[in-house]
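Input: a single structure, listed below in C-alpha cells.
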Amino acid sequence: MRLANKTVIVTGAGSGIGAGIAKRFAAEGARVVVNDINAQGGEATVAAITASKGKAVFTRADVTTAAGWQSLIEAAQQNFGGLDGIVNNAGWSHVNRPFMEVTEADFDRCFTVNVKSIYLSAQAALPVFRKQGRGGAIVNIASTAGVRPRPGLTVYNASKGAVVIMSKSMAAEFAPEQVRVNCVNPVFNPDTALSAAFAGGAVTDAMREKFRASIPMGRFSTAEDVANACLYLASDEAAFITGVNIEVDGGRCV
C-alpha cells in the first residue's frame, strides 16, 4: 500500500480525472476526502471507494473560497485525524474561441477556479503541516496547455501556466519544511467534463482525430494515467521530488 495511513484531499473528485485519482489513492491505502461542488458525483465516488473497502468521505465545498478550504481541512482532521496531502484537481475553462471573444467574466472565473483555489489550498494546509511536523505533499493538476498552448484557449492556457510557475515557487519556498509541491500536466481527454469547452463545441469524431493526431503515442490520456503520476508524487517514493512537472501526454510536449 503506497499511501497507507495517509489522508489526502482530492478536489473535483466527483467525476473524470478527479474521481480516478480518488479511487486510485484509496486503493493504495489513502483515506480520501472527496471534494466536489456536485454532491451526487462526489457521493458516487465515495460509494465506489467504500464498496471496494476503501476509506473516504465526501465534503461539498467551493474551493475558490477560504471557507470552503477550511471545511475540507476540518473534514480531514475530524474524520481521519490529520492531513498528509492535497491533489488540486478542480478546474474550469472558457470555451475555445478567439481571444477577443473571451469575456472578463470568463477570465475571472478561469483564474479563480484554476489558480486562486491552489493559493487558498496552501494557505489552509501549511499551518496544519507545520503543526503536525511531518511535512506534506501538494500535487497540482495543471495541463499541457501551460507549457505548449493551443490557439483559442489563451486565457485557460495562461491560468495553467500560472499553476506551473506557482507550483515551482511554492516548492522552493516550502521545501525547508518538507512540504513538497509538484505538477501533473495531462493532455486532452475527450471523456472529461471540460472536453467540449476545449474543442469549442461537441467532441465530434473529426475533432477527436484532430486532437489525437497531435499526440505522438496516438491516444488520449486517461484518468488512470493521471492518477498513477499523482500517486507517485504523493507517495514517499517521491520524498526527494519537489518542483517538477510531469507531462502525462504521450509525447505531445517533447
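Table: residues versus (1) basic (Lys, Arg); (2) under 19 Å from ALA145 (Cα atoms); (3) more than 17 Å from the chain's Cα centre (by Cα).
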{"position": "GLU177", "(1), (2), (3)": "no, no, yes"}
{"position": "THR192", "(1), (2), (3)": "no, yes, no"}
{"position": "ALA199", "(1), (2), (3)": "no, yes, yes"}
{"position": "ALA206", "(1), (2), (3)": "no, no, yes"}
{"position": "PHE211", "(1), (2), (3)": "no, yes, yes"}
{"position": "ILE215", "(1), (2), (3)": "no, yes, yes"}
{"position": "PHE240", "(1), (2), (3)": "no, no, yes"}
{"position": "GLU247", "(1), (2), (3)": "no, yes, no"}
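Among (1) buried (at least 17 other Cβ atoms within 10 Å of the Cβ); (2) small (Gly, Ala, Ser); (3) at pLDDT below 95; (4) not in a loop (DSSP other than H, G, I, E, B), there is one condition ALA206 misses while meeting the rest; what is its number?
Only one criterion in (1) buried (at least 17 other Cβ atoms within 10 Å of the Cβ); (2) small (Gly, Ala, Ser); (3) at pLDDT below 95; (4) not in a loop (DSSP other than H, G, I, E, B) is unmet by ALA206, namely (1).
Can you tell me which residue in the range 216-254 is surrounded by the fewest Cβ atoms within 10 Å (Cβ to Cβ), limited to those that are part of a loop (DSSP other than H, G, I, E, B) and among the charged types (D, E, K, R)? Outline the logic, then answer.
To start, the set of residues in the range 216-254 that are part of a loop (DSSP other than H, G, I, E, B) comprises 216-222, 235, 239-244, 249-254.
Right, trim to among the charged types (D, E, K, R) and you get 219, 249, 252.
On the way: ARG219: 10, ASP249: 23, ARG252: 19.
Going through the qualifying residues, I end up with ARG219.
Within the range 120-134, does at least one residue satisfy the condition of being surrounded by fewer than 17 Cβ atoms within 10 Å (Cβ to Cβ), of a type outside the set (Phe, Trp, Tyr) and part of a loop (DSSP other than H, G, I, E, B)? Outline the logic, then answer.
Residues of the range 120-134 surrounded by fewer than 17 Cβ atoms within 10 Å (Cβ to Cβ): 123, 127-128, 130-134.
Keeping just the survivors that are of a type outside the set (Phe, Trp, Tyr) gives 123, 127-128, 130-134.
From the residues that got through so far, the ones that are part of a loop (DSSP other than H, G, I, E, B) too are 133-134.
Yes, some residue in the range 120-134 is surrounded by fewer than 17 Cβ atoms within 10 Å (Cβ to Cβ), of a type outside the set (Phe, Trp, Tyr) and part of a loop (DSSP other than H, G, I, E, B).
Going through the range 1-12 one residue at a time, which ones are basic (Lys, Arg) and surrounded by fewer than 23 Cβ atoms within 10 Å (Cβ to Cβ)?
Keep residues of the range 1-12 that are basic (Lys, Arg), which gives 2, 6.
Hit for the range 1-12 is ARG2, nothing else.
Which condition from (1) at pLDDT below 90; (2) assigned to a helix (DSSP H, G or I); (3) over 23 Å from PRO98 (Cβ atoms) is the one that ASP191 breaks?
(2)
Tell me whether the range 137-157 contains one or more residues that are surrounded by fewer than 16 Cβ atoms within 10 Å (Cβ to Cβ), among the hydrophobic types (A, V, I, L, M, F, W, C) and in a helix (DSSP H, G or I).
No, that holds for no residue.
Just a yes or no: is a residue in the range 84-105 over 29 Å from GLY161 (Cβ atoms) and touching a Gly at 6+ places or on another chain (Cβ under 9 Å)?
Going residue by residue through the range 84-105, those that are over 29 Å from GLY161 (Cβ atoms) are none.
No, that holds for no residue.
Suppose the filter is of a type in the set (A, V, I, L, M, F, W, C), closer than 18 Å to LYS160 by Cα, touching a residue at least 60 places away in the same chain (Cβ under 8 Å) and in a helix (DSSP H, G or I); does ALA197 pass it?
Values: of a type in the set (A, V, I, L, M, F, W, C): yes; closer than 18 Å to LYS160 by Cα: yes; touching a residue at least 60 places away in the same chain (Cβ under 8 Å): yes; in a helix (DSSP H, G or I): yes.
Taking the combined requirement at face value, the residue satisfies it.
The values are calculated or read from the model by the stated rules, or taken from the named source; none is laboratory data. Here the structure is a predicted model, which is why all the values come from computation and not from measurement. Cβ atoms come from the backbone with ideal geometry, glycine included; neighbour counts cover every protein chain shown.
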